[in-house]
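See below for the structure under consideration.
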Amino acid sequence: MRQRLYDRLAAAVSIGLLAVLAAFTYYLAELADQFRDARLPRALAHEPDYFVEQFAVTRLNQQGEPLYRMSAERLTHFADDDSSEFDAPVLVSLDPLRPKVTLSALHGKAGSRARETWLYGEVVLARDAFDRSAALRVETEYIALLVDEDIARTDRAVTITSGASSLTGVGMELNNATRVLTLNSKVRGHWPPPSAR
């Protein structure tokens, strides 16, 4: 009887030691996973990493001359894709060899390195008069800017006025470098006679 009790007690102690050993091994494995995860770079969430109120920046060409100035009531930057969002953005071209163009909107977004900028909501593009051409005003709900190419384009409805003349259409591309404006579809225009202009 005593031998049997001794055997049961030895078995219970052995099982207890194995259970403690298994729990300790599990704890060490979890601890190793935590340290391994801490060393791995984590994927960034699309969350702001900084913001700037009353933001303004001027871009220069290689000779140090100003090309354009961008300002906004607020800039919010996102680290995961290096994009920025703007509240009430205003872009003004400053190249003295080209007509001055001012763009404004309710909201905007710029991709990495600001090579592309998208403007949304009550977008107004105003180009000053130059040579014998009257001032130009374009109104739409969305414009994509290709900054390096000096091109503004949209696939939305546009209203264009230049002096007493006006155009409406859907889809537009304005190349400020070549001074060419193209409308894609549903184009309607009004040109008063020269005496009315």
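Derivation of every value follows stated rules applied to the coordinates shown; laboratory data play no part. Keep in mind that what you see is a predicted model, and the values were worked out from it rather than measured. Because the Cβ atoms are built from the backbone with ideal geometry, glycine has one as well, and the counts that use them run over all protein chains shown.
Worth pointing out:
- Cut-off 16 Å, label 7 Å out along Cα→Cβ of Leu94, residues of segment 53-84 by amide N: 55-72
- The chain shape via C-alpha gyration tensor axes, a/c threshold 1.5: prolate
- Tilt relative to the chain, helix 2-39 - C-alpha long axis, 0 to 90 degrees, to 10: 20
- For segment 124-188: rounded, prolate or oblate by the Cα gyration tensor [a/c cutoff 1.5]: oblate
- Among Phe51, Phe24, Phe86: highest mean-square fluctuation, GNM of the chain, C-alpha pairs under 10 Å: Phe24
- Positive-pole candidate from Leu18, Leu106, Ile151, dipole of the chain, charges at beta carbon: Leu18
- FRET efficiency, Asp131 to Tyr50 (Cβ-Cβ, R0 41 Å, nearest 0.05): 0.40
- Local net charge near Thr58, Cβ-Cβ under 15 Å (Lys/Arg +1, Asp/Glu -1): +1
- For the chain, built as a Gaussian network whose Cα springs stay under 10 Å, the top-fluctuating residue of Leu28, Leu181, Leu136: Leu28
- Among residues other than Arg69 with Cβ under 13 Å from its Cβ, the summed charge is 0 (Lys and Arg +1, Asp and Glu -1).
- GNM top mover of Leu75, Leu18, Leu97 - the chain, alpha-carbon springs below 10 Å: Leu18
- Estimated dipole of the chain in Debye, rounded to 20 [Cβ of Lys and Arg +1, of Asp and Glu -1, Cα centre]: 300
- Sum of side-chain charges, Thr178 neighbourhood, beta-carbon under 15 Å (Lys, Arg +1; Asp, Glu -1): -2
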